[in-house]
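Below is one structure, written out as structure tokens, with a few remarks after it.
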Amino acid sequence: MSFDIAFLGTGSGYPTPFRGASCMALRLDGDVYLIDCGECSQTQIMKYKSIRPGRVTKIFITHLHGDHLFGLPGLLCTISMAYKSSNDVAECIEKEDMNLPNNAIEIYGPLGLRRFIRETLSLSHSVLAFQYVVHELVPVKVGNWHSKEPDWEIEHKATSPLHFNEMKTGRAIFYDPIHRGWLISKDKNITVMAGQLRHRIPAFGYVFTEPSKPGKLDGKKLAEAGVPRGPLFGKVKNGEAITLDNGTVINPNDYIGPDQPGRKVAILQDTCDSWGALDICHNCDVMVHEATNENAHIKQCVENGHSTPSMAAEFASAAGASTLILTHFSQRYKDKNLHENMDNDSLVVDTLAAEATENFSGTVVNAYDGLIYPVSRRML
Ligand SMILES: [Zn+2]
Ligand SMILES: [Zn+2]
């Protein structure tokens, strides 16, 4: 399965011509999972052409701040246009058959997201060419950070009527102590978990994990043990012990390599404390972590609910990540490749990656709009 991350917006707060507001996509073969959708994300999608809007099947919103969310209603309308160009859907609409279960877009995010989408689409009289469903993550109280426990019953049962395209099967997802996080979905291709992060409002990080693959059969060793190529090879590969005519017992464990762990990506946006998500991030191949300001501004950064490069690096180290990708940079940081007229006083984004390398021995990458980062499988 192809597995890469397309960065579409890597700035914090608001979009500029140099960095969009938060938006990225996991590209999994034909499917696209979108993570966050800040203002202007759809123009970023058109500019970089790294994803096709009609391929978005799932959307994950980290939290309800506008720089992660304000682009979503508009993008849903644009995706709708992509669907409308499909003959199949046109036919369904013609027959007034709006029940398109295969095309329902699943949207995940903190409590309140359903109401935001429902109200914005309803008030703007937007009708989509597909159905959507919103599953809400119910946060827990984090220390004294939030003034009170979110009242999920009130929010979950938001009283405004369903939007025309909204399916009523949206779930409330609670913390699951067995999985030490919020178990969002699990299928043959990928498992998605969420972990709560500390921020000014309830915020979640998402972890995407492929299932592990069975180890490889060592055919040469098996042949040398006297096993003829053919059906017996298949039996050993399936974990079956076999006995040869000469009485030799072939134990599959001696001929099959260790399982290959699936690839694992953790995406942690706005946070000043990611440690509550440590268990679910363990041994990830790629960790995308926010680093809004440089280390010298740690006090103000944490007060605003954000992280410095060192904070991101310490967490990535503790999680055993192989690669750390920094993102969500304050728009004050400039990129030598994009900005003209930089002077000696300009803050440069390269500083942030350099600071992270002091606390992290793996690869550190600064994200930029348009970056596509392939997630490779760890070799054992
Ligand atoms: Zn943000
Ligand atoms: Zn935020």
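The values are calculated or read from the model by the stated rules, or taken from the named source; none is laboratory data. As the structure is a computational prediction, the values presented were derived from the model and not from experiment. Positions of Cβ are backbone-derived with ideal geometry, glycine not excepted, and every protein chain shown enters the neighbour counts. Quick note on the areas: whole protein, heavy atoms, side chains included, nothing else; ligands and nucleic acids left out. Shrake-Rupley method; radii C 1.70, N 1.55, O 1.52, S 1.80 Å.
Between T169 and D345, the simple label model (points 7 Å from Cα in the Cβ direction) yields a spacing of 5.9 nm.
Each Lys and Arg adds +1 at its Cβ and each Asp and Glu adds -1 at its Cβ; summed about the Cα centre, the chain shows a dipole of about 680 debye. For the chain, the solvent-accessible area works out to 47 Å² per residue, with a probe of 1.4 Å and every protein chain left in place.
All other residues whose Cβ lies under 11 angstrom from that of P211 are scored, Lys and Arg at +1 and Asp and Glu at -1, for a net of +2.
Taking every alpha-carbon pair under 8 Å whose residues sit at least 6 apart, the chain reaches a relative contact order of 15 percent. The simple Förster model, with R0 at 25 Å and r as the Cβ-Cβ distance, assigns I298 and T43 a FRET efficiency of 0.15. Between amide H atoms placed 1.01 Å from N, distances below 5 Å from G181 occur with D176, all of them 5 or more places distant or on a separate chain. A cut-off of 5 Å between modelled amide H atoms, ignoring neighbours fewer than 5 places along the same chain, links I61 with D36, Y108, G109. The stretch between C77 and R332, if pulled fully straight at 0.36 nm per residue, gains 88.6 nm over its current Cα-Cα span. Would you work out which of A353, I267, P211 lies farthest towards the positive end of the dipole of the chain, given +1 charges on the beta-carbon of Lys and Arg and -1 on that of Asp and Glu, about the Cα centre? Towards the positive end, the residue furthest out is P211. Could you pull out which residues in the stretch 107-132 have an amide N less than 12 Å from a spot 7 Å beyond the Cα of I201, following the Cα-Cβ vector? Residues 110-117 qualify, since their backbone N sits under 12 Å from the label point. Since only F174, S126, S2 are under comparison, the one whose Cα sits farthest along the positive direction of the charge dipole of the chain, derived from C-beta charges on Lys, Arg, Asp and Glu, is S2. Here r is the Cβ-Cβ distance between E119 and K220 and R0 is 45 Å; the resulting FRET efficiency, rounded to 0.05, is 0.10. Taking only protein heavy atoms and a 1.4 Å probe, the accessible area of the chain is 52% carbon and sulfur. For V365, the residues whose modelled amide H falls within less than 5 Å of its own, excluding neighbours fewer than 5 places apart on the same chain, are L324, I325, L326.
For M193, what accessible surface area do you get with a 1.4 Å probe? Give it in Å², rounded to 10. Here the residue's solvent-accessible area equals roughly 20 Å². Working note: Karplus 6.51/-1.76/1.60 with θ = phi - 60° gives the stretch 161-172 the couplings x, 3, 5, 3, 9, 8, 7, 8, 8, x, 9, 9 Hz, where Gly and Pro are set to x. At 222 nm, what value in deg cm²/dmol follows for the chain if DSSP H runs of at least 4 each add -39500 (n - 2.57) and the sum is divided by all its residues, to the nearest 500? Taken over the chain, the calculation gives -6000 deg cm²/dmol.
Sorted on the mean count of surrounding Cβ atoms within 10 Å across their residues, most packed first, peptides 132-141, 47-56 read 132-141, 47-56.
Using θ = phi - 60° in the Karplus curve 6.51 cos²θ - 1.76 cosθ + 1.60, the 3J(HN,Hα) couplings for the stretch 130-135 round to 8, 9, 9, 9, 10, 9 Hz; x is entered for Gly and Pro.
For the chain, the residue among V140, S50, I154 whose Cα projects farthest onto the positive side of the dipole built from Cβ charges is S50. Rounded, prolate or oblate for the stretch 277-380? Axes are the square roots of the Cα gyration tensor eigenvalues, ordered a ≥ b ≥ c, and the cut-off for rounded is a/c under 1.5. Note, shape of the stretch 277-380 comes out oblate.
Using a/c under 1.5 as the rounded threshold, could you call the chain rounded, prolate or oblate? The axes a ≥ b ≥ c are square roots of the C-alpha gyration tensor eigenvalues, and prolate needs a/b larger than b/c, oblate otherwise. Since a/c reaches 1.5 but b/c is at least a/b, the shape of the chain is classed as oblate. Taking I35, I372 and ordering them by how much accessible surface each has at a 1.4 Å probe, largest first, produces I372, I35.
Applied to the stretch 16-27, the Karplus parametrisation 6.51 cos²θ - 1.76 cosθ + 1.60 on θ = phi - 60° returns per-residue 3J(HN,Hα) values of 10, x, 9, 9, x, 6, 4, 6, 8, 9, 8, 9 Hz, with x for Gly and Pro. Packing around the peptides 346-353, 240-247, 295-302, taken as the average count of other Cβ atoms within 10 Å per residue, puts them in this order, highest first: 346-353, 295-302, 240-247.
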